[in-house]
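The values are calculated or read from the model by the stated rules, or taken from the named source; none is laboratory data. As the structure is a computational prediction, the values presented were derived from the model and not from experiment. Cβ coordinates were reconstructed from backbone atoms using ideal geometry, including for glycine residues, and neighbour counts include every protein chain displayed.
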Amino acid sequence: MSVGIRDVARAAGVSTATVSRALGKGPVSEALREQVQAAVRATGYRPNLSARRLRSQATQTIGLIVADIRNPFFTAVSRSVEDAAFQAGMRVILCNTDEDPEREAMYLRLMQEERVTGVIFAPTRATAQGLKAGDLDFPAVFIDRAGPPGSYDAVVLDNAAAAAALVDHLAEQGFRRIGGLFGSTSSTAQERRAGYEAAMARHGLAPAARACLPNAAAAEAEAARWLSGEARPEALILSNGLMLMGAVRAARGLSLPVPGGLALAGFDNEPWTELVEPGLTVIEQPVAEIGAEAMSLLFERIRTPDQPVRKVVLSGRPVLRSSSRRG
């Protein structure tokens with residue numbers, strides 16, 4: 001049989017209102033508060049957190065909505081956000097959308113129902129462009145992908161500069177037919193494609209860009225088709241770590257040696273990119289800083305709701321390995 005607040009009140013010899021004040025932050029003496037706590041221990045009472053949440057506008061809970069938790073980038077950022085939330089005494093609800101706008105909408109409704117304190121969100125391009133300032137009923141910070149100017153705080157990489165750095169490196173190595181395979185769902189991939197195309201033009205090279213879903217299987221299939229054709233690139237840039245993994249599989253399936261048959265470069269300095277042979281050239285993203293900055297912006301937004309919208313742009317670091325060096 002469940003134990004209720006009336007049972008606690010009966011055991012403590014006080015009213016249910018006094019129990020509620022003693023278990024919350026109401027005005028009761030320390031002696032009376034200890035009397036109620038003793039009754040709680042004696043009866044085994046457990047507060048109904050769901051009911052308490054319905055009565056409170058602040059749940060001390062952060063929502064974290066990411067595009068693909070299988071992507072090591074989002075795994076690392078999620079850990080950084082959770083660490084910062086834990087230090088602040090807050091809990092985290094983690095949701096995975098698989099780059100699906102319908103799932104994004106569902107989870108945003110869930111965040112509203114749960115009365116979260118705020119949300120950190122990596123939206124698809126379609127959702128980000130459709131959200132105007134004030135559309136969400138809670139403070140929100142976008143990560144990895146920004147919305148329209150002035151809409152929501154965001155922490156992003158300088159994606160155009162990072163992609164251009166990869167083009168510059170490959171061009172310096174003497175590669176001329178440099179292809180780019182980019183994700184099709186996010187503003188991040190769009191920015192990286194723009195940086196790639198601008199850098200190609202600066203080097204007097206003809207850009208050759210394609211797009212696919214930003215996962216390993218889709219990238220493997222698209223890269224295999226591209227590399228099987230007559231006008232295949234001699235170097236390929238991939239716009240995230242999962243897509244880079246797919247390109248490695250495609251090259252191996254076609255028996256193309258790297259870098260002799262195909263040079264590769266991409267994003268996200270995960271352990272596997274160093275351990276494969278040859279090691280892969282990548283842009284290392286400051287994942288810990290992204291998560292920490294997002295939490296900092298969110299706390300600032302909670303404290304000062306009317307402050308101007310901020311966009312924090314961080315730099316990536318090129319990690320040059322053998323996959324992109326001409327022998």
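Tell me, please, whether a residue that is in contact (Cβ under 8 Å) with a residue 40 or more places away in the chain, surrounded by 22 or more Cβ atoms within 10 Å (Cβ to Cβ) and under 29 Å from residue 101 (Cα atoms) can be found in segment 208-223.
Here is the first cut: in segment 208-223, the residues in contact (Cβ under 8 Å) with a residue 40 or more places away in the chain are 213-215, 222-223.
Remaining after also requiring surrounded by 22 or more Cβ atoms within 10 Å (Cβ to Cβ): 214, 223.
In the following step, the residues that additionally are under 29 Å from residue 101 (Cα atoms) were identified as 214, 223.
Checked segment 208-223: at least one residue is in contact (Cβ under 8 Å) with a residue 40 or more places away in the chain, surrounded by 22 or more Cβ atoms within 10 Å (Cβ to Cβ) and under 29 Å from residue 101 (Cα atoms).
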*Could you figure out which of (1) more than 17 Å from the chain's Cα centre (by Cα); (2) outside any loop (DSSP other than H, G, I, E, B) isn't true of residue 79?*
(1)
*For segment 263-281, does any single residue satisfy the condition of being out of contact with any Pro (no Cβ under 7 Å at 6 or more places or on another chain), in the same structural domain as residue 217 (by TED's automatic domain parsing) and of a type in the set (Ser, Thr, Tyr)?*
yes
*Look through segment 111-131, keep the residues that are in contact with a Gly (Cβ under 8 Å, 6 or more places away or on another chain) and in a helix (DSSP H, G or I), and return whichever of them is surrounded by the fewest Cβ atoms within 10 Å (Cβ to Cβ).*
129
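Within segment 82-102, can you find the residues that are small (Gly, Ala, Ser) and assigned to a helix (DSSP H, G or I)? Lay out the reasoning, then the answer.
Taking segment 82-102 and keeping what is small (Gly, Ala, Ser), we get 84-85, 88-89.
Once the filter is applied, which keeps residues that are small (Gly, Ala, Ser) and assigned to a helix (DSSP H, G or I), segment 82-102 yields 84, 85.
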*Among the residues of segment 277-303 satisfying the criterion of being part of a helix (DSSP H, G or I) and touching an Asp or Glu at 6+ places or on another chain (Cβ under 7 Å), which is surrounded by the fewest Cβ atoms within 10 Å (Cβ to Cβ)?*
301
*Using beta carbons and a limit of 7 Å, which pairs, at least six apart or on different chains, have the first residue in segment 120-143 and among the charged types (D, E, K, R) and the second one not in a loop (DSSP other than H, G, I, E, B)?*
125/187; 125/190; 137/112
